[in-house]
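Below is one structure; the comments refer to it alone.
The values are calculated or read from the model by the stated rules, or taken from the named source; none is laboratory data. Small disclaimer: the values here were computed from a predicted structure and weren't measured. Reconstructed Cβ throughout: ideal geometry from the backbone, glycine too, with neighbour counts over all protein chains shown.
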Amino acid sequence: MEVLKPWMEKGFVTLQDIRDQERFDGYYHNQFLIVNDCMHRYRFVAKWMLFFDVDEFIFMPKKSTIQPVFDSLSDFTQFTIEEMPMSNKLCHSQDARLAFRNEDLD
């Protein structure tokens, strides 16, 4: 929240807590429901919507912005950005036992 709050106050970020909805459906199916809900709520407000996980990002080379990319795609209703793995050596098999999900914290 410390990171999000300034962006929320400027109106750049809207936070919708959807954690309780996961108990009604499976995670990935629920993810599609949430994306559809977002598109429905903001379809007349947002020019572009980007959906990605918090550990993903769009890389732009120095001295460039994403605006020319959006401008070049203005005739399209949707587009997909191809995922580019940074490395296949980021995780080590010996670290697997250290990974956990939120349920493991309960």
| message | I'd like to verify a number: residues in region 61-106 that are at pLDDT 80 or above and either farther than 22 Å from ALA46 by Cα or surrounded by 10 or more Cβ atoms within 10 Å (Cβ to Cβ) (or both), how many? | response | 11
| field | Number of the exception - GLU22 against (1) acidic (Asp, Glu); (2) modelled with pLDDT under 75; (3) assigned to a loop (DSSP other than H, G, I, E, B) | value | (3)
| said: If the requirement is being surrounded by 11 or more Cβ atoms within 10 Å (Cβ to Cβ) and modelled with pLDDT of 85 or more, which of these qualifies: LYS10, LYS5? | reply: LYS5
